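The values are calculated or read from the model by the stated rules, or taken from the named source; none is laboratory data. As the structure is a computational prediction, the values presented were derived from the model and not from experiment. Backbone-built Cβ (ideal geometry, glycine too); neighbour counts: all protein chains shown.
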Amino acid sequence: MEVDRELVEAAQAGDRWALEELVRRTHRSVYTCALRLVGNPDDAADVTQDVYLRVVRKLGGFRHEASFSTWLNRVTTNVAMSTLKRRTRRFAVEGAAVPADTRDPAPEPAERAEAIALARRLELLVAGLPEGQRQVLVLRDVYGQSTEEVANAMGLTPGAVKVRLFRARERLKAELEATEGGQVVALAGRRRATGRRS
Amino acid sequence: MTTCHNIRPLLPARAEELSLFEIHTRAEHVADCARCATEAAAYSRLGQALAVMANLEVDPADGTLERVLVAIGRRRTGVTDPRILAAAGSAGALVATVVVARAVRSRRRSRRRPSGPWSRRLRLPNLPVPTPALARAK
């Protein structure tokens, strides 16, 4: 998600077209991040709307110290975490939570094709992680937030973030190896046996 | 000597999450241990694929974009740049000051200006100017 600085500045100055264009260009990215964090398409759509309402309120204070996409990711994280705190019900996040039509907007260079194919497989495995592990992993490893930022967003200590991160990576690697080895059936059995630890 | 058991918690970590000592210890062990080297390579590959996920996007359900645009259209204040808001505020304050000043001035003028000849205060040059009672007492 790349956004021109001029477009952001025009939106900051009150240009309605620029603001709408900003939403058009970024809403898929915001929705995807929200979906990875909340694990449910309906909640992700609500989070997406709330993110842009917050963006309208706070855009004037954006100083271009970080990139707009980084700032937008932080806003999305905060809104998603607030939504999760309010949410009383818990969703069983299975692999199907992330739609299969995940797409890559950039052209695929040959050397990245394998990594992209792997990332698409990972999308489903990540969605199957326990909620706490999934959120930490998504914020840290997918969106590159620091351990401290993740801890602040989730109301955890940095130590707790590291523990969840370790478990999430370990589990994800094991599941990835199992699926790659054609051991999907064994994986499903192991998932049932281990249950949902976070 | 560092054992595989000791190194195992360090294998999934990124370099920036480790101390210099831990980085050095892990590198030394991985150089000599094929099993841990394979594990470390798998985590590295996993990390790269997870980073690639940031560029993958999911299409939201139909109507999500329109819903967002309607919502922000309702909430939008028009101008959000604080510099423009500050300039508009200053201009507003200036206009308000001018309006109030003119109102006060016109009110003073209307007090000074008599409404008819019978109410005109005549100044008689040889008569003492009336003074308030308090001033007289002093």
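Residues checked against (1) surrounded by 11 or more Cβ atoms within 10 Å (Cβ to Cβ); (2) in contact with a strand residue (DSSP E or B) (Cβ under 7 Å, 6 or more places away or on another chain); (3) assigned to a helix (DSSP H, G or I):
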| site | (1), (2), (3) |
| --- | --- |
| B:THR2 | yes, no, no |
| B:HIS5 | no, no, yes |
| B:ARG8 | yes, no, yes |
| B:PHE21 | no, no, yes |
| B:ARG26 | yes, no, yes |
| B:ALA31 | no, no, yes |
| B:ALA41 | yes, no, yes |
Next on the checklist: Tell me yes or no: at least one residue of segment A:109-128 is modelled with pLDDT under 85, in a helix (DSSP H, G or I), acidic (Asp, Glu) and more than 24 Å from B:PRO9 (Cα to Cα).
Outcome noted: yes
Next on the checklist: Looking at (1) assigned to a helix (DSSP H, G or I); (2) surrounded by fewer than 15 Cβ atoms within 10 Å (Cβ to Cβ); (3) not β-branched (Val, Ile, Thr), which one does A:HIS27 not meet, given that it meets all the others?
Outcome noted: (2)
Checklist entry - In the set A:ALA151, A:ALA174, A:ALA168, which member is within 10 Å of another protein chain (Cβ to nearest Cβ) and touching a Gly at 6+ places or on another chain (Cβ under 9 Å)? => result A:ALA168
Checklist entry - Somewhere in segment B:95-106, is a residue over 23 Å from A:LEU172 (Cβ atoms), at pLDDT 90 or above and surrounded by 10 or more Cβ atoms within 10 Å (Cβ to Cβ)? => result no
Next on the checklist: Residues that are modelled with pLDDT of 90 or more and hydrophobic (A, V, I, L, M, F, W, C): does segment A:80-92 have at least one?
Outcome noted: yes
